[in-house]
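The values are calculated or read from the model by the stated rules, or taken from the named source; none is laboratory data. Everything numeric here is computed off the predicted structure, so don't read it as measured data. Backbone-built Cβ (ideal geometry, glycine too); neighbour counts: all protein chains shown. Each accessible area value is taken on the protein alone, full model and side chains, heavy atoms only, with ligands, DNA and RNA left out. Shrake-Rupley method; radii C 1.70, N 1.55, O 1.52, S 1.80 Å.
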Amino acid sequence: MAELQEVQITEEKPLLPGQTPEVAKTHSVETPYGSVTFTVYGTPKPKRPAILTYHDVGLNYKSCFQPLFQFGDMQEIIQNFVRVHVDAPGMEEGAPVFPLGYQYPSLDQLADMIPCILQYLNFSTVIGVGAGAGAYILSRYALTHPDTVEGLVLINIDPNAKGWMDWAAHKLTGLTSSIPEMILGHLFSQEELSGNSELIQKYRNIITHAPNLENIELYWNSYNNRRDLNLERGGAVTLKCPVMLVVGDQAPHEDAVVECNSKLDPTQTSFLKMADSGGQPQLTQPGKLTEAFKYFLQGMGYMASSCMTRLSRSRTASLTSAASTDGNRSRSRTLSQSSESGTLPSGPPGHTMEVSC
């Protein structure tokens, strides 16, 4: 394995009273498919997995996940887990443009880079948090290395390969749209793009003027050439860990996430459909996603003594009798919250229901 490259940086975010700056260590290691860069925050906690994130196309770990992990209520979570933020090759800040003719790794090969990261860090298990292409990569990794994945939070996952109709539509779009516009259409809903909010303007500027746009296009092509995960409920190919599927109510990938939900074990899966969040709920609704993530961790048996969030308080009130029969490390619970009432109606244990929050 190649020599480690390490840089210490200080997280750029306002500090709470009495809080010390969080030091990040950025590493780059060689894998059979090229070099991969990842940034580690915090120190490993005994008997706890690392939280490992993987970003979507057109983004890096900061632009994809920074609003979520810098959110105030998220601090309780990150104090309890070491975090590993992976940048896809060529997506890290300051990455040089790959030479002409460079063969970018497939999404399967990007998943196969993850064991090199864990081996270097000497981490045995992770909880994966992925968005879009990153959600697919973490799912592929979990299928081939199930013993190392304790849980998955998958935002906007599309587990299917592109069909002929998808390919035709993609080709036609490519004749009239630039790469940045196609990627923006992947990340955000048409309603959001038409509204041209400050958030859309920010991310359009990030992608359009990215100095590594050629690299982004290679990652985009790998995503569009992905294989079908072939998930099958009750079949041999399935995710064996607890899974929380997340999608915005107007996200471009809503149908794909719903289909993915139908292919997973309902006793292991929670489906979180977030109202008023558009295509990137981790950017637009970090508070609600933080609440759901904390409850997901509590359902896995971690952070049992943490302060209960509004979402879990509501659920406890409605499911007191049902919860008393659950084991301490219950692996799957359904969340359902109304954005108007803030309550969580109870449902039969072991069933996955749509969540609007």
query = Over region 23-301, what percent of the accessible surface lies on carbon and sulfur atoms, probe 1.4 Å?
reply = 52 percent
ask   = Quick one, what does Rg over Rh come out to for region 214-262 if you take C-alpha atoms and the Kirkwood Rh?
value = 1.04
ask   = List the lysines whose alpha-carbon lies under 26 Å from that of Lys25, not counting same-chain residues fewer than 8 positions away?
value = Lys13, Lys45, Lys47, Lys62, Lys294
query = Which distance in nm do the two modelled labels at Asn80 and Thr144 give, with both placed 7 Å along the Cα-to-Cβ direction?
reply = 3.2 nm
note = Once all protein chains are kept in place, Leu110 shows an accessible area at probe 1.4 Å, nearest 10 Å², of 0 Å²
note = region 23-301: antiparallel bridges as % of DSSP beta bridges, rounded to 5, reads 35 percent
query = Restricting attention to region 206-303, which GluC sites (Glu not before Pro) occupy a DSSP loop and are surrounded by at most 15 other Cβ atoms within 10 Å?
reply = Glu232
query = Rounded, prolate or oblate: which fits region 23-301, taking a ≥ b ≥ c as square roots of the Cα gyration tensor eigenvalues, rounded meaning a/c under 1.5, else prolate when a/b beats b/c?
reply = rounded
query = What does the accessible area per residue of region 23-301 come to in Å², with a 1.4 Å probe and no ligands, DNA or RNA counted?
reply = 38 Å²
ask   = Summing Lys, Arg as +1 and Asp, Glu as -1, what charge do residues with Cβ under 9 Å from the Cβ of Val257 carry, Val257 excluded?
value = -3
